[in-house]
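Asks: Handing you a structure now.
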Amino acid sequence: MKLGRLNHIGVAVPDLDAAIAFYRDVLGASDITAPFVLESQHVRVCFVNTPGEHGTAGTQIELLQPTVADSAVGKWLAKNPLGGQHHVCYEVPDIHAAKAWFERLGKKVLGEPRIGAHGTPIFFVHPKDMGGQLTEIMETPRGEH
Ligand code: CO
């Protein structure tokens, strides 16, 4: 395992459209993707692109609004009604090698690798084994970086 790029920080929000307005009007974000529903995770999602150095792409904020109350993000939001940081996501070159690595260390991997919001395979590692931080591991998108 070698820590890759911080791809995004997942932020749960109670109202995606209000959150988009907040990032645009209060924080001055100028590059926010159109929202879409990620059915497999019961969320409506969009990305706030933060600028990187010298015109390169920076890290993203992934805004997540649950579409189902009885879902992972829905339950999290019930405990944190204002929303807030839900997970961090790091890139790795090989998702299956990364899963095997965490499992060998006895870390609780949540489910099999599946296609995430970026169209590449992801899995999550339980916060109890990650210093309290729900951690998403994502295969680096091909043709990027
Ligand atoms: Co994410």
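The values are calculated or read from the model by the stated rules, or taken from the named source; none is laboratory data. Small disclaimer: the values here were computed from a predicted structure and weren't measured. Virtual Cβ from ideal backbone geometry, glycine too; neighbours counted across all protein chains shown.
Asks: Might you let me know whether region 83-97 holds any residue that is closer than 21 Å to Ser40 by Cβ and more than 15 Å from the ligand (Cβ to nearest atom)?
Replies: yes
Asks: Would you point out which residue out of Ala57, Ala72, Ala29, Ala12 is more than 13 Å from Ala117 (Cα to Cα), hydrophobic (A, V, I, L, M, F, W, C) and touching a His at 6+ places or on another chain (Cβ under 6 Å)?
Replies: Ala12
For every residue, the table says whether it meets (1) exposed (fewer than 13 other Cβ atoms within 10 Å of the Cβ); (2) under 16 Å from the mean Cα position of the chain (by Cα); (3) at pLDDT below 95.
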residue: Gly83; (1), (2), (3): no, yes, no
residue: Leu105; (1), (2), (3): yes, no, no
residue: Lys108; (1), (2), (3): no, no, no
residue: Met130; (1), (2), (3): no, yes, no
residue: Glu136; (1), (2), (3): no, yes, no
residue: Gly143; (1), (2), (3): yes, no, yes
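Asks: To continue, here is another question. Which members of region 85-96 meet the condition of being of a type in the set (A, V, I, L, M, F, W, C) and either surrounded by fewer than 19 Cβ atoms within 10 Å (Cβ to Cβ) or over 11 Å from the mean Cα position of the chain (by Cα) (or both)?
Replies: Residues satisfying the conditions are Val88, Val92, Ile95.
Asks: OK, next. Among the numbered criteria (1) within 11 Å of the ligand (Cβ to nearest atom); (2) surrounded by fewer than 20 Cβ atoms within 10 Å (Cβ to Cβ); (3) among the hydrophobic types (A, V, I, L, M, F, W, C), which single criterion is violated by Leu64?
Replies: Status for Leu64: all satisfied but (2).
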